[in-house]
1. What is the residue count in segment 385-409 for residues that are part of a helix (DSSP H, G or I) and either under 12 Å from residue 373 (Cα atoms) or without any contact (Cβ under 8 Å) to a residue 60 or more places away in the chain (or both)?
2. I'm trying to understand the selection: among the residues of segment 223-243, which are in a helix (DSSP H, G or I) and within 16 Å of ligand 2 (Cβ to nearest atom)?
3. So which pairs qualify, if the first residue must be in segment 109-125 and without any contact (Cβ under 8 Å) to a residue 40 or more places away in the chain, the second must be away from ligand 1 (no atom under 13 Å from the Cβ) and part of a helix (DSSP H, G or I), the Cβ gap must be under 8 Å, and the two must be at least 6 apart or on different chains?
4. Looking only at segment 142-161, filter to residues that are touching a residue at least 24 places away in the same chain (Cβ under 8 Å) and more than 23 Å from residue 210 (Cα to Cα); which one of those is nearest to ligand 1 (Cβ to nearest atom)?
5. Please determine, by comparing only the residues of segment 171-197 that are at pLDDT 95 or above, assigned to a helix (DSSP H, G or I) and out of contact with any helix residue (DSSP H, G or I) (no Cβ under 9 Å at 6 or more places or on another chain), which one is farthest from ligand 1 (Cβ to nearest atom).
6. Please work out which one of (1) more than 13 Å from the chain's Cα centre (by Cα); (2) surrounded by fewer than 20 Cβ atoms within 10 Å (Cβ to Cβ); (3) at pLDDT 90 or above is the condition residue 250 fails and give its number.
7. Test residue 197 against the criterion of being under 25 Å from residue 225 (Cα atoms) and surrounded by fewer than 18 Cβ atoms within 10 Å (Cβ to Cβ), and give yes or no.
Ligand code: GDP
Ligand code: MG
(Lines give C-alpha, C1' and ligand atoms only; values in the text may rest on other atoms or scores of the structure.)
(Ligands and ions follow the chains in the order given, each with its own letter.)
Protein backbone atom coordinates (compact mmCIF):
# COMPACT_ATOMS: atom_id res chain seq x y z
CA UNK A 1 0.00 0.00 0.00
CA UNK A 2 0.95 3.67 -0.27
CA UNK A 3 1.72 3.95 3.39
CA UNK A 4 3.94 0.83 3.32
CA UNK A 5 5.90 2.25 0.43
CA UNK A 6 6.35 5.66 1.99
CA UNK A 7 7.40 4.10 5.26
CA UNK A 8 10.09 2.15 3.46
CA UNK A 9 11.38 5.24 1.72
CA UNK A 10 11.55 7.11 4.99
CA UNK A 11 13.18 4.22 6.77
CA UNK A 12 16.11 4.64 4.44
CA UNK A 13 16.25 8.34 5.15
CA UNK A 14 16.00 7.90 8.89
CA UNK A 15 19.23 5.97 8.98
CA UNK A 16 21.19 8.90 7.59
CA UNK A 17 22.92 11.41 9.77
CA UNK A 18 23.06 14.16 7.23
CA UNK A 19 21.10 14.46 4.00
CA UNK A 20 22.59 15.52 0.72
CA UNK A 21 20.61 17.04 -2.10
CA UNK A 22 21.01 13.73 -3.93
CA UNK A 23 19.47 11.85 -1.00
CA UNK A 24 16.45 14.09 -1.08
CA UNK A 25 16.09 13.79 -4.83
CA UNK A 26 16.30 10.00 -4.77
CA UNK A 27 13.78 9.77 -1.96
CA UNK A 28 11.37 12.11 -3.70
CA UNK A 29 11.63 10.15 -6.92
CA UNK A 30 10.42 7.14 -4.97
CA UNK A 31 7.70 9.16 -3.27
CA UNK A 32 6.58 10.26 -6.71
CA UNK A 33 6.32 6.69 -7.97
CA UNK A 34 4.46 5.61 -4.85
CA UNK A 35 1.93 8.41 -5.29
CA UNK A 36 1.40 7.65 -8.96
CA UNK A 37 0.90 4.01 -8.15
CA UNK A 38 -1.63 5.05 -5.53
CA UNK A 39 -3.63 6.63 -8.34
CA UNK A 40 -2.91 10.24 -7.48
CA UNK A 41 -3.25 12.29 -10.65
CA UNK A 42 -0.04 13.10 -12.48
CA UNK A 43 -0.62 16.84 -12.33
CA UNK A 44 -1.14 16.74 -8.60
CA UNK A 45 1.94 14.59 -8.05
CA UNK A 46 4.11 16.91 -10.07
CA UNK A 47 2.95 19.93 -8.14
CA UNK A 48 3.39 18.10 -4.88
CA UNK A 49 6.94 16.94 -5.53
CA UNK A 50 7.94 20.39 -6.67
CA UNK A 51 6.60 21.95 -3.49
CA UNK A 52 8.37 19.42 -1.28
CA UNK A 53 11.64 19.73 -3.13
CA UNK A 54 11.67 23.49 -2.92
CA UNK A 55 11.18 23.35 0.81
CA UNK A 56 13.42 20.37 1.51
CA UNK A 57 16.53 21.53 -0.24
CA UNK A 58 18.41 24.29 1.42
CA UNK A 59 16.17 24.49 4.43
CA UNK A 60 17.49 24.51 7.94
CA UNK A 61 16.64 21.45 9.93
CA UNK A 62 14.26 22.23 12.75
CA UNK A 63 15.34 21.85 16.32
CA UNK A 64 14.95 18.35 17.63
CA UNK A 65 14.58 16.69 14.23
CA UNK A 66 17.17 14.83 12.23
CA UNK A 67 17.34 15.51 8.47
CA UNK A 68 15.30 12.39 7.64
CA UNK A 69 12.56 13.42 10.01
CA UNK A 70 12.68 16.88 8.52
CA UNK A 71 11.87 15.49 5.06
CA UNK A 72 9.03 13.47 6.54
CA UNK A 73 7.72 16.60 8.18
CA UNK A 74 7.81 18.52 4.92
CA UNK A 75 6.12 15.70 3.02
CA UNK A 76 3.51 15.57 5.76
CA UNK A 77 2.91 19.34 5.65
CA UNK A 78 2.53 19.30 1.90
CA UNK A 79 0.13 16.35 2.02
CA UNK A 80 -1.94 18.34 4.47
CA UNK A 81 -1.86 21.38 2.15
CA UNK A 82 -2.93 19.22 -0.74
CA UNK A 83 -5.98 18.07 1.13
CA UNK A 84 -7.03 21.55 2.11
CA UNK A 85 -5.40 22.05 5.53
CA UNK A 86 -8.59 22.69 7.39
CA UNK A 87 -11.57 20.61 8.41
CA UNK A 88 -14.76 21.78 6.71
CA UNK A 89 -18.07 21.37 8.47
CA UNK A 90 -21.34 20.97 6.61
CA UNK A 91 -22.86 24.44 6.89
CA UNK A 92 -26.30 24.32 8.51
CA UNK A 93 -28.91 27.03 8.90
CA UNK A 94 -29.91 27.96 12.43
CA UNK A 95 -31.91 25.22 14.15
CA UNK A 96 -35.13 27.21 13.75
CA UNK A 97 -34.90 26.84 9.97
CA UNK A 98 -34.81 23.85 7.62
CA UNK A 99 -31.49 23.05 5.97
CA UNK A 100 -31.86 21.01 2.81
CA UNK A 101 -29.01 18.69 1.90
CA UNK A 102 -28.93 16.78 -1.35
CA UNK A 103 -26.80 13.68 -1.68
CA UNK A 104 -25.54 12.95 -5.17
CA UNK A 105 -23.32 10.31 -6.68
CA UNK A 106 -23.06 7.25 -8.85
CA UNK A 107 -24.91 4.05 -8.08
CA UNK A 108 -23.22 2.07 -5.34
CA UNK A 109 -21.08 4.97 -4.16
CA UNK A 110 -22.69 4.82 -0.74
CA UNK A 111 -25.32 7.60 -0.85
CA UNK A 112 -28.07 5.75 0.99
CA UNK A 113 -25.73 4.42 3.66
CA UNK A 114 -24.04 7.79 4.10
CA UNK A 115 -27.41 9.55 4.30
CA UNK A 116 -28.26 7.45 7.33
CA UNK A 117 -24.77 7.87 8.80
CA UNK A 118 -25.04 11.64 8.49
CA UNK A 119 -28.44 11.59 10.14
CA UNK A 120 -26.77 10.03 13.16
CA UNK A 121 -24.19 12.82 13.27
CA UNK A 122 -26.83 15.54 13.07
CA UNK A 123 -28.97 13.81 15.66
CA UNK A 124 -26.10 13.68 18.11
CA UNK A 125 -25.67 17.42 17.61
CA UNK A 126 -29.25 17.94 18.71
CA UNK A 127 -30.72 18.39 15.24
CA UNK A 128 -33.88 16.74 13.99
CA UNK A 129 -33.16 15.15 10.62
CA UNK A 130 -35.67 13.87 8.08
CA UNK A 131 -34.44 11.41 5.46
CA UNK A 132 -36.10 11.48 2.07
CA UNK A 133 -36.34 8.56 -0.34
CA UNK A 134 -35.86 10.22 -3.74
CA UNK A 135 -34.45 7.14 -5.45
CA UNK A 136 -37.60 5.86 -7.11
CA UNK A 137 -35.89 3.73 -9.70
CA UNK A 138 -34.97 0.87 -7.44
CA UNK A 139 -37.76 -0.09 -5.01
CA UNK A 140 -35.13 -1.75 -2.83
CA UNK A 141 -33.53 1.66 -2.31
CA UNK A 142 -36.58 2.93 -0.42
CA UNK A 143 -36.63 -0.10 1.84
CA UNK A 144 -32.89 0.23 2.41
CA UNK A 145 -33.28 3.84 3.53
CA UNK A 146 -36.20 2.91 5.77
CA UNK A 147 -34.24 0.14 7.45
CA UNK A 148 -31.23 2.40 8.00
CA UNK A 149 -33.41 5.26 9.21
CA UNK A 150 -35.02 2.98 11.74
CA UNK A 151 -31.61 1.84 12.97
CA UNK A 152 -30.69 5.47 13.53
CA UNK A 153 -34.03 6.33 15.10
CA UNK A 154 -34.68 8.88 12.38
CA UNK A 155 -37.86 9.39 10.37
CA UNK A 156 -37.85 8.52 6.66
CA UNK A 157 -40.14 10.34 4.25
CA UNK A 158 -41.23 8.30 1.27
CA UNK A 159 -43.98 8.48 -1.33
CA UNK A 160 -43.27 5.11 -2.87
CA UNK A 161 -41.85 4.75 -6.36
CA UNK A 162 -44.72 6.22 -8.39
CA UNK A 163 -43.99 9.89 -7.78
CA UNK A 164 -41.21 11.84 -9.40
CA UNK A 165 -38.26 12.83 -7.21
CA UNK A 166 -38.87 16.58 -7.55
CA UNK A 167 -42.37 16.26 -6.12
CA UNK A 168 -41.15 14.00 -3.37
CA UNK A 169 -38.46 16.48 -2.39
CA UNK A 170 -40.96 19.36 -2.35
CA UNK A 171 -43.46 17.43 -0.24
CA UNK A 172 -40.70 16.35 2.12
CA UNK A 173 -39.54 19.90 2.76
CA UNK A 174 -43.15 20.94 3.48
CA UNK A 175 -43.49 17.98 5.81
CA UNK A 176 -40.27 18.98 7.57
CA UNK A 177 -41.45 22.56 8.04
CA UNK A 178 -44.77 21.53 9.52
CA UNK A 179 -43.38 18.79 11.74
CA UNK A 180 -40.39 20.42 13.36
CA UNK A 181 -37.58 18.80 11.38
CA UNK A 182 -34.61 21.05 10.72
CA UNK A 183 -32.32 19.02 8.48
CA UNK A 184 -33.70 17.37 5.35
CA UNK A 185 -31.40 14.91 3.63
CA UNK A 186 -32.42 13.88 0.13
CA UNK A 187 -31.21 10.42 -0.86
CA UNK A 188 -31.20 10.55 -4.64
CA UNK A 189 -30.76 7.96 -7.38
CA UNK A 190 -27.45 7.27 -9.03
CA UNK A 191 -26.50 5.63 -12.27
CA UNK A 192 -23.59 3.55 -13.32
CA UNK A 193 -21.99 6.43 -15.22
CA UNK A 194 -22.23 10.18 -15.21
CA UNK A 195 -25.12 10.96 -17.58
CA UNK A 196 -27.34 13.84 -18.65
CA UNK A 197 -30.62 12.46 -17.31
CA UNK A 198 -29.16 12.03 -13.82
CA UNK A 199 -27.66 15.51 -13.79
CA UNK A 200 -30.89 17.04 -15.03
CA UNK A 201 -32.92 15.36 -12.33
CA UNK A 202 -30.54 16.57 -9.65
CA UNK A 203 -30.55 20.10 -11.08
CA UNK A 204 -34.34 20.08 -11.05
CA UNK A 205 -34.48 18.97 -7.43
CA UNK A 206 -31.88 21.53 -6.49
CA UNK A 207 -33.92 24.34 -8.00
CA UNK A 208 -37.31 23.15 -6.78
CA UNK A 209 -36.44 23.00 -3.09
CA UNK A 210 -33.55 25.45 -2.80
CA UNK A 211 -30.95 22.92 -1.73
CA UNK A 212 -28.50 24.47 0.74
CA UNK A 213 -25.78 21.85 0.53
CA UNK A 214 -25.05 19.59 -2.41
CA UNK A 215 -22.84 16.78 -1.28
CA UNK A 216 -21.21 14.31 -3.59
CA UNK A 217 -20.60 10.78 -2.38
CA UNK A 218 -17.73 9.01 -4.11
CA UNK A 219 -16.19 5.59 -3.70
CA UNK A 220 -12.52 5.87 -2.74
CA UNK A 221 -11.84 2.43 -4.19
CA UNK A 222 -12.35 3.81 -7.68
CA UNK A 223 -9.22 5.92 -7.34
CA UNK A 224 -8.67 8.36 -10.15
CA UNK A 225 -12.23 7.77 -11.38
CA UNK A 226 -13.53 9.20 -8.14
CA UNK A 227 -11.67 12.39 -8.91
CA UNK A 228 -13.06 12.54 -12.45
CA UNK A 229 -16.58 11.94 -11.15
CA UNK A 230 -16.14 14.74 -8.62
CA UNK A 231 -15.01 17.05 -11.39
CA UNK A 232 -18.03 16.28 -13.61
CA UNK A 233 -20.57 16.63 -10.82
CA UNK A 234 -19.00 19.85 -9.66
CA UNK A 235 -19.26 21.36 -13.12
CA UNK A 236 -22.96 20.52 -13.43
CA UNK A 237 -24.14 20.94 -9.87
CA UNK A 238 -21.73 23.18 -8.04
CA UNK A 239 -20.93 20.96 -5.10
CA UNK A 240 -20.41 22.15 -1.56
CA UNK A 241 -18.35 19.19 -0.51
CA UNK A 242 -17.46 15.57 -1.03
CA UNK A 243 -17.81 12.49 1.15
CA UNK A 244 -15.33 9.78 0.36
CA UNK A 245 -16.62 6.29 1.17
CA UNK A 246 -14.97 2.88 1.53
CA UNK A 247 -11.71 4.28 2.74
CA UNK A 248 -11.61 1.22 4.97
CA UNK A 249 -11.21 -1.06 1.99
CA UNK A 250 -8.05 -1.86 0.14
CA UNK A 251 -7.91 1.60 -1.35
CA UNK A 252 -4.84 3.18 -2.72
CA UNK A 253 -5.67 6.48 -1.08
CA UNK A 254 -5.12 8.51 -4.22
CA UNK A 255 -8.63 9.92 -4.33
CA UNK A 256 -8.34 11.51 -0.92
CA UNK A 257 -5.18 13.24 -2.04
CA UNK A 258 -6.39 14.64 -5.34
CA UNK A 259 -10.04 15.65 -4.91
CA UNK A 260 -9.44 19.00 -3.28
CA UNK A 261 -6.53 19.80 -5.53
CA UNK A 262 -8.49 18.88 -8.66
CA UNK A 263 -12.01 20.22 -8.17
CA UNK A 264 -11.42 22.63 -5.33
CA UNK A 265 -14.12 21.15 -3.10
CA UNK A 266 -13.30 19.91 0.38
CA UNK A 267 -13.74 16.41 1.68
CA UNK A 268 -16.21 16.66 4.54
CA UNK A 269 -16.39 13.14 5.88
CA UNK A 270 -14.91 9.75 5.13
CA UNK A 271 -16.75 6.43 5.24
CA UNK A 272 -14.73 3.83 7.12
CA UNK A 273 -17.03 0.82 6.96
CA UNK A 274 -20.51 -0.47 6.35
CA UNK A 275 -21.79 0.13 9.86
CA UNK A 276 -23.78 3.30 10.42
CA UNK A 277 -21.27 4.52 12.99
CA UNK A 278 -18.42 4.28 10.47
CA UNK A 279 -18.36 7.87 9.31
CA UNK A 280 -15.54 10.13 10.41
CA UNK A 281 -15.02 13.81 10.03
CA UNK A 282 -12.20 14.48 7.58
CA UNK A 283 -9.04 15.91 9.12
CA UNK A 284 -6.37 16.56 6.47
CA UNK A 285 -3.68 16.33 9.12
CA UNK A 286 -4.81 12.96 10.38
CA UNK A 287 -5.27 11.65 6.86
CA UNK A 288 -1.72 12.70 6.05
CA UNK A 289 -0.29 10.86 9.02
CA UNK A 290 -2.39 7.83 8.17
CA UNK A 291 -1.02 7.89 4.62
CA UNK A 292 2.48 8.26 5.97
CA UNK A 293 1.82 5.22 8.12
CA UNK A 294 2.44 6.88 11.43
CA UNK A 295 -0.79 5.78 12.96
CA UNK A 296 -3.63 8.04 13.80
CA UNK A 297 -3.65 8.49 17.50
CA UNK A 298 -5.97 11.47 17.50
CA UNK A 299 -8.73 9.58 15.71
CA UNK A 300 -8.28 6.70 18.07
CA UNK A 301 -8.66 8.95 21.07
CA UNK A 302 -11.72 10.60 19.61
CA UNK A 303 -13.33 7.24 18.94
CA UNK A 304 -12.54 6.05 22.38
CA UNK A 305 -14.03 9.14 23.90
CA UNK A 306 -17.20 8.99 21.86
CA UNK A 307 -17.85 5.38 22.74
CA UNK A 308 -16.80 5.06 26.32
CA UNK A 309 -18.77 6.54 29.10
CA UNK A 310 -16.36 8.85 30.85
CA UNK A 311 -17.37 8.06 34.40
CA UNK A 312 -17.05 4.36 33.73
CA UNK A 313 -13.68 4.96 32.17
CA UNK A 314 -12.47 6.82 35.20
CA UNK A 315 -13.83 4.14 37.49
CA UNK A 316 -12.06 1.50 35.45
CA UNK A 317 -8.82 3.41 35.58
CA UNK A 318 -9.10 3.56 39.34
CA UNK A 319 -9.72 -0.16 39.49
CA UNK A 320 -6.73 -0.82 37.33
CA UNK A 321 -4.56 1.24 39.60
CA UNK A 322 -5.80 -0.68 42.60
CA UNK A 323 -5.64 -3.96 40.67
CA UNK A 324 -9.33 -4.55 41.29
CA UNK A 325 -10.06 -5.08 37.64
CA UNK A 326 -12.29 -8.14 37.50
CA UNK A 327 -14.15 -10.26 34.97
CA UNK A 328 -17.20 -7.98 34.99
CA UNK A 329 -14.96 -5.14 33.89
CA UNK A 330 -13.46 -7.44 31.31
CA UNK A 331 -16.93 -8.11 29.88
CA UNK A 332 -17.61 -4.42 29.79
CA UNK A 333 -14.36 -3.56 28.07
CA UNK A 334 -15.04 -6.27 25.53
CA UNK A 335 -18.39 -4.65 24.73
CA UNK A 336 -16.62 -1.32 24.34
CA UNK A 337 -14.10 -2.80 21.98
CA UNK A 338 -17.02 -4.04 19.90
CA UNK A 339 -18.54 -0.55 19.90
CA UNK A 340 -15.31 0.92 18.66
CA UNK A 341 -15.43 -1.18 15.53
CA UNK A 342 -13.56 -4.23 16.68
CA UNK A 343 -10.06 -4.92 17.75
CA UNK A 344 -8.48 -4.55 14.31
CA UNK A 345 -10.03 -1.13 13.85
CA UNK A 346 -8.45 0.04 17.10
CA UNK A 347 -5.10 -1.57 16.51
CA UNK A 348 -4.78 -0.27 12.96
CA UNK A 349 -4.75 3.25 14.31
CA UNK A 350 -1.94 2.64 16.73
CA UNK A 351 1.49 3.69 15.58
CA UNK A 352 3.70 0.81 14.57
CA UNK A 353 0.91 -1.71 14.24
CA UNK A 354 -0.89 -0.50 11.13
CA UNK A 355 -1.34 -3.31 8.66
CA UNK A 356 -0.49 -6.05 11.10
CA UNK A 357 -3.85 -5.45 12.77
CA UNK A 358 -5.61 -7.99 10.58
CA UNK A 359 -3.24 -10.75 11.67
CA UNK A 360 -3.72 -9.89 15.30
CA UNK A 361 -7.44 -9.85 14.86
CA UNK A 362 -7.39 -13.30 13.27
CA UNK A 363 -5.57 -14.56 16.32
CA UNK A 364 -7.99 -12.97 18.72
CA UNK A 365 -11.06 -14.18 16.83
CA UNK A 366 -13.92 -12.01 17.91
CA UNK A 367 -16.42 -14.76 17.21
CA UNK A 368 -15.23 -16.35 20.41
CA UNK A 369 -16.56 -13.41 22.38
CA UNK A 370 -19.95 -14.98 22.85
CA UNK A 371 -18.37 -18.06 24.49
CA UNK A 372 -16.23 -15.87 26.69
CA UNK A 373 -19.35 -14.06 27.73
CA UNK A 374 -21.00 -17.37 28.61
CA UNK A 375 -18.02 -18.38 30.74
CA UNK A 376 -17.95 -15.12 32.66
CA UNK A 377 -21.69 -15.22 33.21
CA UNK A 378 -21.29 -18.68 34.75
CA UNK A 379 -19.03 -17.29 37.45
CA UNK A 380 -20.40 -16.10 40.74
CA UNK A 381 -20.20 -12.35 41.37
CA UNK A 382 -17.43 -13.03 43.88
CA UNK A 383 -15.38 -14.98 41.37
CA UNK A 384 -15.87 -12.27 38.80
CA UNK A 385 -14.51 -9.57 41.03
CA UNK A 386 -11.77 -11.72 42.49
CA UNK A 387 -10.27 -13.97 39.81
CA UNK A 388 -7.75 -15.35 42.29
CA UNK A 389 -10.56 -17.47 43.73
CA UNK A 390 -10.65 -19.60 40.60
CA UNK A 391 -9.31 -22.97 41.74
CA UNK A 392 -9.68 -26.13 39.63
CA UNK A 393 -12.99 -27.23 41.13
CA UNK A 394 -14.55 -23.82 40.57
CA UNK A 395 -13.25 -23.79 37.03
CA UNK A 396 -14.81 -27.17 36.43
CA UNK A 397 -18.18 -25.93 37.67
CA UNK A 398 -17.94 -22.84 35.48
CA UNK A 399 -17.04 -24.88 32.40
CA UNK A 400 -20.06 -27.07 32.99
CA UNK A 401 -22.33 -24.07 33.46
CA UNK A 402 -21.13 -22.44 30.26
CA UNK A 403 -21.19 -25.67 28.31
CA UNK A 404 -17.53 -25.45 27.34
CA UNK A 405 -14.42 -27.49 27.94
CA UNK A 406 -12.39 -26.64 31.03
CA UNK A 407 -9.43 -25.81 28.80
CA UNK A 408 -11.42 -22.87 27.46
CA UNK A 409 -11.94 -21.56 30.96
CA UNK A 410 -8.21 -21.86 31.64
CA UNK A 411 -7.44 -20.06 28.42
CA UNK A 412 -9.79 -17.23 29.30
CA UNK A 413 -8.28 -16.81 32.75
CA UNK A 414 -4.83 -16.62 31.21
CA UNK A 415 -6.01 -14.16 28.58
CA UNK A 416 -7.64 -12.09 31.27
CA UNK A 417 -4.41 -11.87 33.22
CA UNK A 418 -2.59 -10.75 30.09
CA UNK A 419 -5.19 -8.11 29.37
CA UNK A 420 -4.96 -6.86 32.89
CA UNK A 421 -1.22 -6.57 32.53
CA UNK A 422 -1.48 -4.85 29.17
CA UNK A 423 -4.05 -2.35 30.36
CA UNK A 424 -1.84 -1.39 33.24
CA UNK A 425 0.72 -0.32 30.68
CA UNK A 426 -1.74 1.97 28.94
CA UNK A 427 -3.41 3.89 31.71
CA UNK A 428 -4.85 6.48 29.31
CA UNK A 429 -6.24 3.85 26.98
CA UNK A 430 -9.74 3.78 28.30
CA UNK A 431 -10.38 7.41 27.39
CA UNK A 432 -11.80 10.00 29.69
CA UNK A 433 -11.11 13.69 29.38
CA UNK A 434 -7.56 13.27 30.56
CA UNK A 435 -6.50 11.02 27.69
CA UNK A 436 -3.97 12.88 25.61
CA UNK A 437 -1.69 12.02 22.76
CA UNK A 438 1.27 11.78 25.05
CA UNK A 439 -0.26 9.18 27.26
CA UNK A 440 -0.04 6.42 24.71
P1 GDP B 1 -25.84 4.06 -3.18
O2 GDP B 1 -26.22 3.25 -4.36
O3 GDP B 1 -24.97 5.22 -3.56
O4 GDP B 1 -27.01 4.50 -2.39
O5 GDP B 1 -24.92 3.15 -2.26
P6 GDP B 1 -25.31 2.34 -0.94
O7 GDP B 1 -25.48 3.26 0.21
O8 GDP B 1 -26.43 1.42 -1.24
O9 GDP B 1 -23.95 1.54 -0.70
C10 GDP B 1 -23.46 0.57 -1.61
C11 GDP B 1 -22.65 -0.45 -0.84
O12 GDP B 1 -21.48 0.15 -0.30
C13 GDP B 1 -23.39 -1.04 0.33
O14 GDP B 1 -23.13 -2.41 0.41
C15 GDP B 1 -22.81 -0.31 1.53
O16 GDP B 1 -22.85 -1.09 2.70
C17 GDP B 1 -21.38 -0.11 1.07
N18 GDP B 1 -20.72 1.04 1.73
C19 GDP B 1 -21.14 2.31 1.81
N20 GDP B 1 -20.25 3.08 2.47
C21 GDP B 1 -19.22 2.26 2.82
C22 GDP B 1 -17.97 2.45 3.52
O23 GDP B 1 -17.58 3.55 3.95
N24 GDP B 1 -17.20 1.34 3.67
C25 GDP B 1 -17.56 0.13 3.19
N26 GDP B 1 -16.74 -0.90 3.38
N27 GDP B 1 -18.71 -0.08 2.54
C28 GDP B 1 -19.53 0.96 2.34
MG1 MG C 1 -29.02 4.38 -2.79
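1. Qualifying residue count, segment 385-409: 17.
2. 229, 233
3. What qualifies is 123/152.
4. 144
5. 178
6. (3)
7. yes
Table: residues versus (1) part of a strand (DSSP E or B); (2) in contact with a strand residue (DSSP E or B) (Cβ under 8 Å, 6 or more places away or on another chain); (3) away from ligand 2 (no atom under 16 Å from the Cβ).
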site: 72; (1), (2), (3): no, no, yes
site: 75; (1), (2), (3): no, no, yes
site: 79; (1), (2), (3): no, no, yes
site: 86; (1), (2), (3): no, no, yes
site: 95; (1), (2), (3): no, no, yes
site: 103; (1), (2), (3): yes, yes, no
site: 107; (1), (2), (3): no, no, no
site: 113; (1), (2), (3): no, yes, no
site: 116; (1), (2), (3): no, yes, no
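The values are calculated or read from the model by the stated rules, or taken from the named source; none is laboratory data. Since this is a predicted model, take the numbers as computed values, not measurements. We place every Cβ from the backbone using ideal geometry, glycine too, and count neighbours over all the protein chains shown.
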